[in-house]
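The values are calculated or read from the model by the stated rules, or taken from the named source; none is laboratory data. Here the structure is a predicted model, which means the values were calculated and not measured. Cβ coordinates were reconstructed from backbone atoms using ideal geometry, including for glycine residues, and neighbour counts include every protein chain displayed. Heads up: the accessible areas ignore ligands, DNA and RNA and are worked out on the full protein's heavy atoms, side chains in. Shrake-Rupley method; radii C 1.70, N 1.55, O 1.52, S 1.80 Å.
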Amino acid sequence: MDKFRKIFTLDNYIVPVAAVIMGLFVGAIVMLVGGYDPILAYSSLFTQVFGDMYDFGEAIREMTPFILTGLAVAFAFRAGLFNIGADGQLLIGMTAATFVGIKFTGLPFYIHAPLAVIAGGLFGGLWAAIVGFLKAKRGINEVITSIMMNWVGFYGANYVVNHFLLVPGTQQSENIAPTASISIHFLTGIFGNARLHWGTLIALVAVVFFYVYLWKTKQGYEVRAVGLNPNAAGYAGINVGRNIIKTMFISGVFAGLAGAFQVLGVFQYQSVFASSPGYGFDGIAVALLGMNNPFGVLLAAILYGTLTYGSAGMSFGADVPPELVKIVIGAIIFFIAAQGIVRWVLGPFYGKRKKEKVL
Amino acid sequence: MNAATPVVELKQITKRFPGIVANDSISLQLHKGEIHALLGENGAGKSTLMNIVFGLYQPDEGSIEVNGKPVVIDSPNKAIELGIGMVHQHFKLVEPFTVTENIILGMEPKKGFNIDYKSAAEQVTKLSEQYGLQVNPHAKIQDISVGMQQRVEIIKTLYRGADILIFDEPTAVLTPQEIAELMDIMKRLVSEGKSIILITHKLKEIMQISDTVTIIRRGKVIDTVKTSETTPSDLAEKMVGRNVTFKVDKKAPTIGETVLKVSDVVSKNKDGISVLSGLSFEVRAGEILGIAGVDGNGQSELIEAITGLRKIDKGSIMMLGKEISNLPPRKITEQGVSHIPEDRHKHGLILDFTVSENLVLETYYKPPYNKGGFLNAEAINNNAQKLIEQFDVRTPSIETKARSLSGGNQQKAIIAREIDKNPELLIAAQPTRGLDVGAIEFVQKQLIAQRDQGKAVLLISFELDEIMNVSDRIAVIYEGKIVGEVLPEETNDQELGLMMAGSKKRVGDDRG
Ligand SMILES: Nc1ncnc2c1ncn2[C@@H]1O[C@H](COP(=O)(O)OP(=O)(O)OP(=O)(O)O)[C@@H](O)[C@H]1O
Ligand SMILES: [Mg+2]
């Protein structure tokens, strides 16, 4: 766990930046070996994202859940918790939002939409809080319970959609009431009908909230203290168990919101999933890449979203299988985790700098 | 002394950290078969210098020669290759592993693909006999005492072929008996041709065992002297830069009402064994009660019970007439209890918090630090600035992480925080462990000042000197019980020692 902590909380931005570059490099080598043209591939990746307004808007949409699940994992980590369960929390949040969106009709939009969003956050939070509760009161490792809760969440979400919300004969729920939609219509116009929604804005607010809460408030002080040294925190009179539960709740709210926005802002319905969309697991990668810092998570989510959305362009433009992006992402994470390699590559630069300082 | 080439020679070593020059052009020679003591105030740069010799840090300037040859020690592995071993203050052992497994870790003798455990154990036994380091090669680290663990660390360095051994404050965590044994071990080591650098704050140990002393102050070498040509007060003065009195002056106590009353406290551990078995005592306003005892007789459990970290099964703990047993820690703190914990890294500090964050660890939720749920950075920083000046905590800045403070300055920061809370009861567990003589004097004066202000002070210490010098009354703890009470002026080390070993309390002395 200590090792994990070290990997996760470097306060050095050089390593991730270098890791990204090295990851792209590894991807290029793999492409060369496979007989593809890496320069063409990467340029079509970026054209795909920045080429026209529609794609740009869709890329932004793609980034939003990454921001939130990244924040979810990072926030828990700041309290010393490894929230592997963001995926289940996301699905539960999504289901709650869909339920409210479909079943609560006759409300004006300014009540209905916020209500659906709140339901998503709340249920995601409560789902995570169960994990926190088991850890705080029974000492059960959160990694194990949150993995279990992922499966419960996955099948639970499908159950609710199947039994209460399904359009008969299909594999998806009814559409949510228009009053629950959080699409930004005037922007979708500008962005060629890209599915832009208020959730992105809320995700940005969440980034700022993360920062302010953790470093500027009394409660954030407690969370950090518990994360860094639970023994000393307990000695100082901080209620460690309560903080664990609270942190998991907030972490789950982030994940739950991510799920809610996918329905309320993007699809307007929820599918019966054959397998989880996996945003929660992407959140682990994003948090790692963003060094558990909220602004780092934002940057990492932008990168992550760019790569995944752009991967389609890569296969059009350069015939490279889109899975190659997974290799790039995997390599980036590998280089962050195995920092020694990055430092070794950067070694000559470091050495030079040091000497200059002494002389 | 040996006039031949020194085994290690440091030439003008300089090491800077942000905001501070930890080592300022330090030169030092270690000769074969010598015990060379390094003496200096907390934060003087001793650990930094030794970490450089062991390859953990790189010097910014200067060079190192081993046996007359210039070397670059860029990693601990390189240091080991050069025959340099270090026994750190915080041991680096794998708890569930056996002694032998720990010693051979990373250098396992192989038989085919397997570890040749048998020959390893034999080799460990041989080393331990050669140097008088009794250990059981098959015992698990988690089951042996701190003193034993330290021997394992020593054998580990010897097993790796060390001829030069660095000890960083080896005696800080040992009991008096273990210290005496360590002294013998060190003598044995040098008589077998090893050379030793010893960091310690205890002048007694330096006088007793070292051949040469180098005194460092604020990163600079002040002097190198032969031990036989110096005196403790001379050393103390060189190190602190002023005269140090070893005896703390205190006037007769003015004793008031009972502040803390512990009666018949029983507490069992997970296995149902009583760790506190009917323990009673009281501390009154205006007095310092010293609790003397051998480590492991219930001291830590007693503190945990008073501070709310351990549930008690029977008995009562009253603070100013109010029952506080089994209350949550914060409720107890708010009754006016302050606590300087024994293990500062585990319980006293959040090492990755800044100094200023650490200084409000128990008060952050109260105004002025908490303003409507938000932290008031200005108030927190002002508090830190005030305390580091008042208590002479040496840190480059209040924004520095507690982790990069020297051990002694970490302790001073905790003491500052606890005393500044202006408690009714101050619990001080090993408050001077790892402090330099100047700082010890300072801390002991602070404890006495608290008592003179009419506060109750509970001092728990393994240092008999400290107990005898500072306490107004001494209670001896043995197997989870107070077995007797004595007055410092009416007792002596021998009697205390006997009581600590479990002999009954003295007849006719029942002043408690
Ligand atoms: N890694 C680090 N980063 C920044 N400053 C450091 C670091 N390590 C040590 N220092 C600073 O260097 C100075 C010397 O520290 P060092 O630990 O060598 O002192 P010391 O002589 O061993 O003290 P003590 O007797 O209290 O252990 C201190 O002011 C300390 O704050
Ligand atoms: Mg030190």
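Quick rundown of the values:
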{"quantity": "Of all residues in the stretch B:64-112 being within 16 Å of ligand 2 (Cβ to nearest atom) and part of a loop (DSSP other than H, G, I, E, B), the one that is nearest to B:Val8 (Cα to Cα)", "calculated": "B:His88"}
{"quantity": "Tabulated pairs, the stretch B:59-81, first free of Cβ contacts under 8 Å to residues at least 12 places away in the same chain, second part of a strand (DSSP E or B), C-beta under 7 angstrom, 6+ apart or interchain", "calculated": "B:Pro70/B:Ser63; B:Val71/B:Ile64; B:Val71/B:Glu65"}
{"quantity": "Residues (within 25 Å of B:Lys366 (Cβ to Cβ), away from every other protein chain (no Cβ under 13 Å) and within 16 Å of ligand 2 (Cβ to nearest atom)) located in the stretch B:406-421", "calculated": "B:Gln411, B:Lys412"}
{"quantity": "Restricting the stretch B:292-312 to residues that are within 14 Å of another protein chain (Cβ to nearest Cβ) and open to solvent by less than 30 Å² (accessible area, probe 1.4 Å), the residue that is farthest from B:Ala475 (Cα to Cα)", "calculated": "B:Gly308"}
{"quantity": "Test result for B:Ala379, of a type in the set (Gly, Ala, Ser), over 19 Å from B:Val21 (Cα atoms) and within 16 Å of ligand 1 (Cβ to nearest atom)", "calculated": "no"}
{"quantity": "Residues that are in contact with a Lys or Arg (Cβ under 6 Å, 6 or more places away or on another chain) and open to solvent by 20 Å² or more (accessible area, probe 1.4 Å), drawn from the stretch B:133-174", "calculated": "B:Val135, B:Asp163"}
{"quantity": "Number of positions in the stretch B:25-55 that are surrounded by fewer than 18 Cβ atoms within 10 Å (Cβ to Cβ) and within 14 Å of B:Gly219 (Cβ to Cβ)", "calculated": "2"}
{"quantity": "Qualifying positions in the stretch B:361-370 - free of Cβ contacts under 8 Å to residues at least 40 places away in the same chain, within 9 Å of another protein chain (Cβ to nearest Cβ) and either open to solvent by less than 30 Å² (accessible area, probe 1.4 Å) or of a type outside the set (Phe, Trp, Tyr) (or both)", "calculated": "B:Tyr364, B:Asn370"}
{"quantity": "Odd one out for B:Phe353, checked against (1) over 17 Å from B:Ala428 (Cβ atoms); (2) more than 10 Å from every other protein chain (Cβ to nearest Cβ)", "calculated": "(2)"}
{"quantity": "Subset of the stretch B:332-350 [more than 23 Å from B:Ser267 (Cα to Cα) and within 11 Å of another protein chain (Cβ to nearest Cβ)]", "calculated": "B:Glu334, B:Arg344, B:His345, B:Gly348, B:Leu349, B:Ile350"}
{"quantity": "Single residue of the stretch B:33-55 satisfying the filter (more than 21 Å from B:Thr395 (Cβ to Cβ) and assigned to a loop (DSSP other than H, G, I, E, B)) that is nearest to ligand 1 (Cβ to nearest atom)", "calculated": "B:Phe54"}
{"quantity": "Residue satisfying all of: in the stretch A:183-232; more than 10 Å from chain B (Cβ to nearest Cβ) and of a type in the set (S, T, N, Q); farthest from A:Ala74 (Cα to Cα) among these", "calculated": "A:Asn193"}
{"quantity": "Of residues in the stretch B:209-228 being within 16 Å of ligand 2 (Cβ to nearest atom) and not in a strand (DSSP E or B), the one farthest from B:Val393 (Cα to Cα)", "calculated": "B:Gly219"}
{"quantity": "Residue list for the stretch B:389-400, restricted to those being within 22 Å of the chain's Cα centre (by Cα), more than 16 Å from ligand 2 (Cβ to nearest atom) and closer than 21 Å to A:Asn229 by Cβ", "calculated": "none"}
{"quantity": "Counted residues, the stretch A:203-229 - those being open to solvent by less than 60 Å² (accessible area, probe 1.4 Å), touching a residue at least 24 places away in the same chain (Cβ under 8 Å) and not aromatic (Phe, Trp, Tyr)", "calculated": "8"}
{"quantity": "Out of B:Asp60, B:Asp74, sole residue that is within 14 Å of chain A (Cβ to nearest Cβ) and touching a helix residue (DSSP H, G or I) at 6+ places or on another chain (Cβ under 7 Å)", "calculated": "B:Asp60"}
{"quantity": "Checklist (1) open to solvent by 20 Å² or more (accessible area, probe 1.4 Å); (2) out of contact with any Ser or Thr (no Cβ under 8 Å at 6 or more places or on another chain); (3) within 30 Å of A:Met248 (Cβ to Cβ) applied to A:Val160, failing item", "calculated": "(2)"}
{"quantity": "The listed residue being within 14 Å of another protein chain (Cβ to nearest Cβ), more than 29 Å from A:Thr217 (Cα to Cα) and in contact (Cβ under 8 Å) with a residue 40 or more places away in the chain, out of B:Ile427, B:Ile448, B:Ile467, B:Ile460", "calculated": "B:Ile427"}
{"quantity": "Test: residue in the stretch B:194-206 that is away from ligand 1 (no atom under 16 Å from the Cβ) and farther than 17 Å from B:Gly33 by Cβ", "calculated": "yes"}
{"quantity": "Unmet requirement for B:Gly408, which otherwise passes all of (1) within 9 Å of ligand 1 (Cβ to nearest atom); (2) outside any helix (DSSP H, G or I)", "calculated": "(2)"}
{"quantity": "Among the candidates B:Val99, B:Val135, B:Val87, residue that is away from chain A (no Cβ under 14 Å), under 25 Å from the mean Cα position of the chain (by Cα) and within 15 Å of ligand 1 (Cβ to nearest atom)", "calculated": "B:Val87"}
{"quantity": "Test: B:Val262 is in the same structural domain as B:Pro396 (by TED's automatic domain parsing) and not polar (S, T, N, Q)", "calculated": "no"}
{"quantity": "Among the residues listed as A:Ile60, A:Ile39, A:Ile92, the single one being β-branched (Val, Ile, Thr), in contact with a helix residue (DSSP H, G or I) (Cβ under 7 Å, 6 or more places away or on another chain), under 30 Å from A:Gly27 (Cβ atoms) and part of a helix (DSSP H, G or I)", "calculated": "A:Ile60"}
{"quantity": "Qualifying residue in the stretch A:233-242 (condition: within 14 Å of another protein chain (Cβ to nearest Cβ), of a type in the set (D, E, K, R), in contact with a helix residue (DSSP H, G or I) (Cβ under 9 Å, 6 or more places away or on another chain) and closer than 21 Å to A:Asn292 by Cβ)", "calculated": "no"}
{"quantity": "Selection count where residues are outside any loop (DSSP other than H, G, I, E, B), more than 8 Å from chain A (Cβ to nearest Cβ) and open to solvent by less than 50 Å² (accessible area, probe 1.4 Å), scope the stretch B:313-331", "calculated": "4"}
{"quantity": "Criterion (buried (at least 19 other Cβ atoms within 10 Å of the Cβ), out of contact with any Leu (no Cβ under 6 Å at 6 or more places or on another chain), over 30 Å from A:Leu91 (Cβ atoms) and small (Gly, Ala, Ser)) met by exactly one of A:Gly234, A:Gly252", "calculated": "A:Gly234"}
